[in-house]
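What follows is a set of notes on a single structure, which appears directly below.
Coordinate-derived values only; no laboratory data. Since the structure is predicted, the reported quantities are computational estimates derived from the model, not experimental observations. All Cβ positions, even for glycine, are placed from backbone atoms using ideal geometry, and neighbour counts span all protein chains on display.
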Amino acid sequence: MLGLIGSTTGEDPLKWGPSTTGFGSEFTARADRDLSVGGPGLAAHAIRAGLVDEFQFFVVPIIVGGGTRALPDHARITLSLLEKRSFTGGVVYLRYRVGA
């Protein structure tokens, strides 16, 4: 079983960026199932490194003015809709594949 923990608050934080892109690719190649990345910081690095092949969003009809962005600045990625579901209260689930 593979495991990866990223931290920006620990004594020895895992720093993601251009120097670790190769490690990320190796990590995903060794995985025997889909990997999930949580948190906008770690996800932003995975997106920039081209390691993300699918996006899943829950859109909640509440506007909150602030917080950390879900996607990195200047990200421009073509997506194809794979699945959508509507829930009570206006929540919508959207699943996209990267690429046309």
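Give me the number: length gained by fully extending Asp32 to Ala75, i.e. 0.36 nm times residue separation minus the C-alpha to C-alpha distance, one decimal in nm. Write down the numbers at each step before the final one.
Values: separation 43, 0.36 × 43 = 15.48 nm, distance 2.80 nm.
My answer for the length gained is 12.7 nm.
Work through the residues other than Val91 whose Cβ is under 12 Å from its Cβ and net out their charges, Lys, Arg +1 and Asp, Glu -1. Write out the running numbers ahead of the final one.
Values: positive: Lys84, Arg85; negative: none.
Result for the neighbourhood of Val91: +2.
Excluding Arg76 itself, what net charge comes from residues whose Cβ is under 15 Å from its Cβ, given Lys and Arg +1 and Asp and Glu -1?
So the environment of Arg76 carries a net charge of +1.
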